[in-house]
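Notes to accompany the following structure.
The values are calculated or read from the model by the stated rules, or taken from the named source; none is laboratory data. Note that the coordinates shown come from a computational prediction; the quantities given were computed from them, not determined experimentally. As a convention, Cβ positions derive from the backbone with ideal geometry for all residues, glycine included, and neighbour counts pool all protein chains shown. Surface accessibility is based on the protein's heavy atoms, side chains included, excluding ligands, DNA and RNA. Shrake-Rupley method; radii C 1.70, N 1.55, O 1.52, S 1.80 Å.
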Amino acid sequence: MPRQTIRKQSEDWELIPNLLDYDAARRNFSWEHERELLDGMPGGGLNIAHEAVDRHAAGDRCEHLALRWLDRSGEATDFSYGDLSRLTNRFANVLRNLGVKKGERVFALSERIPPLYITALGTLKNGSVFCPLFSAFGPEPLHSRLSIGEAKVLVTTESLYRRKVAALRDSLPHLQHVLLVRDSAQEKHPDDTLDFQQLLDAAADEFPVCNTNPEDPALLHFTSGTTGKPKGAIHVHEAVVAHHASARLALDLHPQDVFWCTADPGWVTGTSYGIIAPLTIGATMIVDRQEFEPERWYGILRDHMVSVWYTAPTAVRMMMKHGAELARKFQLPALRFMASVGEPLNPEAVLWGEEAFELPFHDNWWQTETGGIMIANFASMDIRPGSMGKPLPGIEATVVRRREDGSVELIEDADREGELALKRGWPSMFRGYLHEEERYRACFSGDWYLTGDLARRDEDGYFWFVGRADDVIKSSGHLIGPFEVESALMEHPAVAEAAAIGVPDPIAGEVVKAFVSLKPAHQPSEALRTELLALARRRLGPAVAPRQIEIHDNLPRTRSGKIMRRLLKARELGLPEGDTSTLESRE
Ligand code: ATP
Ligand code: MG
């Protein structure tokens, strides 16, 4: 992997970064101090929605723009912190009037429209648990999540309900209330449903926010299902301390920022950083109803003066497909920080950011289970493209080897691969997998939470992602991380996406096989395959380079945009495909 460095110079900064000196920030950091930056509730309570909305609405940020929502045509609807406070109070009253109690679960199944955001925050105000569902899920994944999660309330749109939920209703005994957002000219809602807007209009503006204990459950998030059946990760109100701290330190969010997180709230990024974190900072957040379209996205960055942008490798690769020239047509003077999460970000993509926007993408790493960013490339820190960066202040990360007896050996040497582990105890650590206590316990060894990802740490403390433990390829005694192979293939100008898997080999145990998809101007050919094989051998050496490369139109991905290597492998080996509830259908 090329060891380039993108140097950060203090004269480049338009705003002084929140984290200026990494080592000093780590030394001086304490979670207690981070907690003091928030309001809290009387008697040691803590409520996410109070920190996100009401504490600003009660102060001089009441009229500040909290949420700007863009509809299909790009037209904006604005909500100040005061507006959000009133609307979420109303929704909390709706829940209370329906008899929905603290700890009961309120699910949302909706496109990115204002009622989704009102539901999320109003639910938290009522002390109930918010659980978002991705709107493109089919009936089966919806049914399993609603029933595992014992949903008491579902907020959805009329058309999603008719298409996906109505037929399931009889088999969801816990589901007492379905609130529909009108999105068609239908005059009458189906039986057994209530009208979201009517209830909201009839509810009072005032609501005393539930004085939740920091350890009370707040959020239930299902994982992406990349490696198997999705798990339901439980998060508590205390998580807001980490949302706030990581938004300040890793995303460098300031109250005057306009922040755009492109993730959907159906996934943890879209809730932690697409709803909660920017509001706790008092910033303005942009929500776009539509899916990716390059000119629309660049237009949003320009027209709404986005200053901090948080997106994902899959989106970056799609933009790269359309070329840097298109991005450069848009003047983006407000944009000062770009970050990415969700999958490994190839060095090519980091550098492409500079070509297209004159800014690098800052990769960061975390999981549904960690609730917030754990490892990051910080605004003030030199970037090593291809590295996830360094652990946040307050986060202790290391690499370990699991022993047979369940204990772990810490790997102190630089550049040795092992499982990425985090010292337990940060505020947004998940507190359980719903109904899977044993599985939860198996994630820990003593003080360490074992992430299931493999990584190495270099001599300067930067962490490098190797692959998911399940995806690592074992060839002639070497451990090969798919990311390394994929990044080499991504260097070829024709390659849009790449995925590497191990296939059985009588001599080596496994050999690498790669799958690629191409950028629009390129056609599959034997000559191109040979070129790619040669590039990989040159960059990686014969022991690591793929023996075979297949060119596909698209690679299988989760709906949150992650390449599903396990599916490529199952198909290659003729094995059952396993849980495909999160598979994107346009593959
Ligand atoms: P499941 O656990 O159901 O298989 P998932 O792990 O994809 O799904 P998420 O919690 O959404 O579900 O994703 C977290 C995982 O995504 C991480 O464990 C890691 O494998 C990958 N990931 C996230 N960010 C990065 C990154 N910056 N670099 C490399 N991998 C990343
Ligand atoms: Mg996972």
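Checking each residue in region 342-368 for being open to solvent by 10 Å² or more (accessible area, probe 1.4 Å) and within 11 Å of the chain's Cα centre (by Cα) picks out G342, E343, W365, W366, Q367, T368. Meeting the requirement of 2 or more residues that are surrounded by fewer than 18 Cβ atoms within 10 Å (Cβ to Cβ), the strands (runs of 3 or more DSSP E) wholly within region 33-146 are 76-80.
Would you check if H237 is open to solvent by less than 10 Å² (accessible area, probe 1.4 Å), more than 16 Å from the chain's Cα centre (by Cα) and either of a type outside the set (G, A, S) or closer than 23 Å to P141 by Cα (or both)? Considered against the rule, which asks whether it is open to solvent by less than 10 Å² (accessible area, probe 1.4 Å), more than 16 Å from the chain's Cα centre (by Cα) and either of a type outside the set (G, A, S) or closer than 23 Å to P141 by Cα (or both), H237 comes out as yes. Condition check: within 14 Å of ligand 1 (Cβ to nearest atom), surrounded by fewer than 24 Cβ atoms within 10 Å (Cβ to Cβ) and touching a residue at least 12 places away in the same chain (Cβ under 8 Å). Does D288 satisfy that? In short, no.
Among the residues of this structure, G467 does not count as one that is surrounded by fewer than 18 Cβ atoms within 10 Å (Cβ to Cβ), within 24 Å of the chain's Cα centre (by Cα), assigned to a strand (DSSP E or B) and within 16 Å of ligand 2 (Cβ to nearest atom). Of all residues in region 422-452, those that are among the hydroxyl-bearing types (S, T, Y) and assigned to a strand (DSSP E or B) total 4.
The strands (runs of 3 or more DSSP E) found wholly in region 470-587 and carrying at least 2 residues that are out of contact with any His (no Cβ under 9 Å at 6 or more places or on another chain) and in contact (Cβ under 8 Å) with a residue 60 or more places away in the chain occupy 478-480, 495-505.
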